[in-house]
Amino acid sequence: MGDALEGVLLVAFDLDGTLIDSVPDLAAAVDAALIDVELAPAGEARVRDWVGNGALVLLERALTDALGEAPSEVLLKTAHERFLEHYHRRPCDRTRLYPGVTETLKRLFGRGLILCLVTNKPEAFIHPILEHLGIDGFFSACLGGDTLPRRKPDPMPLRHLSQQFDVCPSYCLMVGDSRHDVAAGKAAGFRTVAVPYGYNHGEPISLSEPDLVVESLEQLV
């Protein structure tokens, strides 16, 4: 085990941008929702810069870009509902695991670490995607953005896991790709590891000052 895992008993992983590249399917659902409300589709490249803060914020950003101003609450609600319908039908047509993810999870799981998932993606989408990609059996708990009253960057989900598994935060690690993951981890008293390849709105993850940046999750093991 590398220094990043020394003494660690619980590892919480972010999902989108850390374990999986889900943007192709998210973008398809966003564009379909925009078309439904008679707006121009955004395209995958733009959507890649908007993900990471949950579905509602994603749609708010897409609508603001399309309109040139903030959307009305009614329009946002309609577009969000349409997005969820489209994404629910096809959540993992083109979503893929990043290289080394399965092997890393397998090795960490085999060493007896408690592995958890903490994502801002709605909870209903988590298990179908994990099952489709063959990694659902590694996680002892999965928290979505709507599982608890607050989500990342709030530390509530991470504190919840620490308490649920009775592991002191100093023996816990948060692994993610965005400033929100790092902020949540720090606020919860977790150690933090970040990857630079995910969705951080074009900002280098090193600026968030995680304890460690790894180019690949395989560097953890």
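The values are calculated or read from the model by the stated rules, or taken from the named source; none is laboratory data. Just so it is clear, the structure is predicted and the values come from calculations on it, not from any experiment. Note that we place each Cβ from the backbone using ideal geometry, even for glycine, and neighbour counts take in every protein chain shown. To get the accessible areas, we keep the full protein, side chains included, count just its heavy atoms, and leave off ligands, DNA and RNA. Shrake-Rupley method; radii C 1.70, N 1.55, O 1.52, S 1.80 Å.
Here is the list for segment 49-153: GluC sites (Glu not before Pro) lying in DSSP coil, each with at most 12 other C-beta atoms within 10 angstrom of its C-beta, are Glu69.
Of the solvent-accessible surface of the chain, computed with a 1.4 Å probe and all protein chains present, 50% belongs to carbon and sulfur. When the residues Arg61, Arg150 are ordered by accessible surface, computed with a 1.4 Å probe over the protein chains alone, the sequence from largest down reads Arg150, Arg61.
Give the lysines whose C-alpha is closer than 27 Å to that of Lys106, dropping any in the same chain fewer than 8 places away, or say none. Counting by Cα, and skipping residues close in sequence, Lys106 has these lysines nearby: Lys121, Lys152, Lys186. If you sort Arg82, Arg89 by accessible surface, 1.4 Å probe, largest first, the order is Arg89, Arg82.
Of the residues Phe165, Phe139, Phe13, the one with the largest accessible area comes first in the ranking Phe165, Phe139, Phe13, computed with a 1.4 Å probe on protein heavy atoms.
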